[in-house]
Amino acid sequence: MVGRGASLPVDSSSSCPKHMTYGPCGGVGFDGSCEIDAATRCAFVDIDTVGWRRPPAPTVVQSPSAGSERVRALLGERPLVVADFPARAVDARSLEECVAAMAGPVDAVLSGDAGPARVQFAPSYRARLIADADMLPFIGLNCRDRNRVALEGELAGLAHAGAGVVHCITGDHTHTGSRPDAMPVFDLDATELTALARAAGHLVSVAESPTTPPVDRRAARLREKEKAGAELCFVNHCGGAEPVARFIAQARMLGSTSGFLPCVPVVLDEGSAHLLRTFTTLVLPPGYLESILSAADPREAGIAAAVSLSLAMLQIEGVVGVDLSGGAAPGRETEHAQSLAEIAHRLKEEL
Ligand code: SF4
């Protein structure tokens, strides 16, 4: 396992399987247990928020990437409609088909980590493929699969390839997902990766899970990520518009300056519902899944529900866009992409 250096001011990292300095991760169980061992308490859940220990990120980015400039310009005009990218992993044809289905109504796709498909095209190569197909790529970068040198190489490649946003996450442990045979790295964590990405000229987004312990300190953790350089926050599924509004209000009280993109669950059939249920610490609005799946036309019900919830999210102060979140049943990636485009299209008509 990779060491983290002897000078860490807290020793929580030594008992964290991901060796995090700025924990906890988003995989803490609702009872405070560790993501990979339900019998062990998370090393961070009972301690104060670990403050960012390096100089705060400069307010003006030196040498901003072209992609980041494009997103900043878009954000100055209107809310963004982002969608989790449903293309099959390591399949360039599926990628092209999905982009073709979504281009226009969807402003950008978030292409990141996936539990059922840990092996993906390299992040910078994915960014280039998506950009070449004429879609703005937001690319997830995790600390599980690459050490800091490899991450620095990816960040350089992502700037060159046109990534609009780099979404910095610690990542699930290899004990979860499709490749438990792989060695986990975790040389850095999400907050440290944020600083690297910002220094490389990227517009950086991070994720927070308001309903995941420690619930009363998730906003404070976001604040520390902002000091490291994060400017956007994807708010994980936490039960609807009211919990999102509460979380943003807490963050603002602490001085948060982020723009927020809440996740909006997209459920169109049993397959997409199954995939959504694999998300860690998922909390949906009460009855959301059930009402869609029991409808006479689940696809139509799912589209209408996503549009309605997106509109509610966009009313909240600080929300600068939404992320249509979820994934397709195997073999239904293109149909899922078409439905995402339909949601985005209806949403923009309403706006
Ligand atoms: S839940 Fe996450 S942050 Fe907490 S100890 Fe486990 S791996 Fe580390």
* Counted residues, region 116-140 - those being under 18 Å from His173 (Cα atoms) and of a type in the set (Val, Ile, Thr) -> 1
* **Residue that is modelled with the highest pLDDT [pool: residues in region 1-20 that are polar (S, T, N, Q) and within 10 Å of the ligand (Cβ to nearest atom)]** => Ser15
* So Gly302, is it in a helix (DSSP H, G or I), in contact with a helix residue (DSSP H, G or I) (Cβ under 9 Å, 6 or more places away or on another chain) and without any contact (Cβ under 8 Å) to a residue 40 or more places away in the chain -> yes
* Going through region 254-275 one residue at a time, which ones are closer than 23 Å to Glu333 by Cα, part of a loop (DSSP other than H, G, I, E, B) and in contact (Cβ under 8 Å) with a residue 60 or more places away in the chain? -> Val266, Leu268, Asp269
* Only one of Ala83, Ala114, Ala89, Ala156 is surrounded by fewer than 19 Cβ atoms within 10 Å (Cβ to Cβ) and under 19 Å from the mean Cα position of the chain (by Cα); which? -> Ala89
* The listed residue being hydrophobic (A, V, I, L, M, F, W, C), out of contact with any Phe, Trp or Tyr (no Cβ under 7 Å at 6 or more places or on another chain) and under 30 Å from Ala38 (Cβ atoms), out of Leu110, Leu141 -> Leu141
* Asked: On the given criteria, is Gly171 of a type outside the set (A, V, I, L, M), more than 26 Å from Ala73 (Cα to Cα), touching a strand residue (DSSP E or B) at 6+ places or on another chain (Cβ under 7 Å) and modelled with pLDDT of 95 or more?
  -> yes
* Structure fact -> Within region 22-52, residues hydrophobic (A, V, I, L, M, F, W, C) and more than 7 Å from the ligand (Cβ to nearest atom) come out as Phe30, Ala38, Ala39, Ile47, Val50, Trp52
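The values are calculated or read from the model by the stated rules, or taken from the named source; none is laboratory data. The model shown is predicted, which means the values in this text are computed figures rather than measured ones. Using ideal geometry, Cβ is built from the backbone for each residue, glycine included, and neighbour counts are taken over all protein chains shown.
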